[in-house]
Amino acid sequence: MTSSEKLEVAKTLSRLGVDVIEAGFAAASPDDLRAVKTIAEAVGVTGVEGRPVPEPPTISPISVPSAAASEEARAVNSSS
């Protein structure tokens, strides 16, 4: 998807009342980083006309867990 397509999807999700939008993997490329920033500003701060609630959604970039977090999760899962 292009940055503009991602922005349109985020605006649509906001108009549907979605509370949290994962905007993309910002570390994947400079274009993805720009898309996440644009979505955060245009949808998460400014808001979108037609949203059913006054608060804008939380915009979250997709992230990869650290090696330490992955090891901790494996340890917890193996002890169950």
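Worth pointing out:
- Once you divide the Cα radius of gyration of region 17-80 by 2.2 N^0.38 Å, the number left is 1.50.
- Note on GLU49 and LYS37: their simple-model spin labels are 2.7 nm apart, each label 7 Å out from Cα toward Cβ.
- The residues of the chain have, on average, 67 Å² of accessible surface per residue, using a 1.4 Å probe with all protein chains present.
- Given +1 at the Cβ of Lys and Arg, -1 at the Cβ of Asp and Glu and no other charges, the dipole of the chain around its Cα centre is 80 debye to the nearest 20.
- Carbon-plus-sulfur accessible fraction, the chain (probe radius 1.4 Å, protein heavy atoms only): 59%.
- Residue list for region 42-77, given a label point 7 angstrom along the Cα-to-Cβ vector of SER4 and an amide N cut-off under 17 Å: 42
The values are calculated or read from the model by the stated rules, or taken from the named source; none is laboratory data. The model shown is predicted, which means the values in this text are computed figures rather than measured ones. Every residue, glycine among them, receives a Cβ derived from its backbone with ideal geometry; neighbour counts consider all protein chains shown. Just the protein is used for accessible areas: all its heavy atoms, side chains included, with ligands, DNA and RNA removed. Shrake-Rupley method; radii C 1.70, N 1.55, O 1.52, S 1.80 Å.
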